[in-house]
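The structure under discussion appears below in the form of structure tokens.
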Ligand code: BGC
Ligand code: CA
């Protein structure tokens, strides 16, 4: 085959296709086939000299040692992982923006459900502070008549919203927390027991005759349930 390599090309022949174009055409015709072609060249035919030969032998050995063909596969894999990662990143960003959009939509619906009867939507809470003074029982009825209940403060976030809502008003307000003598425990109006965090003023609760809880000056105090105060209602919107 040595002669073939060195044979002068026949320049009178018309060459219509490059290799790639020819492959594409064969593929279209369903003629694509794989061929393994061995090209035999003698060392004498191509020998560029002893130095270069030595280099070539060394290069070959290094390729085998480091598995250059394995590296090509590895690069292929990395490329696939990279593009999968990019796709996932795009999906993630789309989901995130959809999530933000839905959250905003939910909040605007909550606000619409909240804002009636003098209720305010803030910090995810829908609350109303009464103007009239009533004992604890009457205050509770005041709230339930307005599709709400006395507020349950079972997180720092809620305590913070109430502190902010009360702000400069600084009134004494009934909360939805009472002491049940039968169960000898503090309970919120939603039936849940009192758990941490709590915001009792120092020394409170301090009186077995005070079984209802008021809010003032950013803290809680147990108070006689017959005392007449303003109250804070919470309309829970799911
Ligand atoms: C006490 C409270 C108590 C209140 C009753 C205050 O001086 O510190 O614990 O609930 O009096 O009026
Ligand atoms: Ca007290």
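Just so it is clear, none of the values below were taken in a lab; they were calculated from the coordinates. A quick note: this is a predicted structure, and the numbers were derived from the prediction, not measured. When we count neighbours, we look across all protein chains shown, and the Cβ atoms used for this are built from the backbone with ideal geometry, even at glycine.
Sorted from fewest to most neighbouring beta carbons within 10 Å, what does the list 143, 225, 231 look like?
Numbers: 143 22, 225 17, 231 27.
Going from sparsest to densest Cβ surroundings: 225, 143, 231.
Return one quarter of the surface area of the convex hull spanned by the alpha-carbon atoms of the stretch 176-238, equal to its mean projected area, in nm².
Numbers: hull surface 20.7 nm².
Projected over every direction and averaged, the Cα hull of the stretch 176-238 covers 5.2 nm².
Show me 211-218, 188-195, 125-132 ranked by packing, highest mean number of other Cβ atoms within 10 Å first.
Working: 211-218: 19.6, 188-195: 13.0, 125-132: 18.0.
In descending order of packing, they fall as 211-218, 125-132, 188-195.
Neighbouring Cβ atoms within 10 Å as the yardstick, rank 103, 178, 228 fewest first. Walk me through the numbers before you get to the answer.
Values: 103 10, 178 21, 228 13.
Least crowded to most crowded, the residues run 103, 228, 178.
Which FRET efficiency, nearest 0.05, do residue 88 and residue 198 yield, Cβ-Cβ r, R0 41 Å? Display every interim value, and only then the final one.
On the way: r = 44 Å, r/R0 = 1.08.
E between residue 88 and residue 198, to the nearest 0.05, is 0.40.
Taking R0 as 45 Å, what FRET efficiency do you get between residue 133 and residue 100 from their Cβ-Cβ distance, rounded to the nearest 0.05? Write down the numbers at each step before the final one.
On the way: r = 43 Å, r/R0 = 0.96.
In this case the efficiency is close to 0.55.
Which value in Å is the Kirkwood Rh of the stretch 69-125 over different Cα pairs?
Values: mean 1/r = 0.0671 Å⁻¹.
Over the stretch 69-125, the inverse of the mean reciprocal pair distance is 14.9 Å.
Which order results if 85, 121 are arranged by neighbouring Cβ count within 10 Å, fewest first? Don't skip to the end; give the middle numbers.
Details: 85 10, 121 18.
So the ranking, lowest neighbour count to highest, is 85, 121.
Please give the contour-minus-distance gain from residue 79 to residue 117: 0.36 nm per residue of separation, less the Cα-Cα distance, rounded to one decimal in nm. Spell out each step's value before the answer.
Values: separation 38, 0.36 × 38 = 13.68 nm, distance 6.03 nm.
Answer, rounded to one decimal: 7.6 nm.
Determine the principal axes of the Cα atoms in the stretch 117-238, then give the extent along each, sorted from largest to smallest and rounded to whole angstroms.
Result for the stretch 117-238: principal-axis Cα extents of 35, 29, 27 Å.
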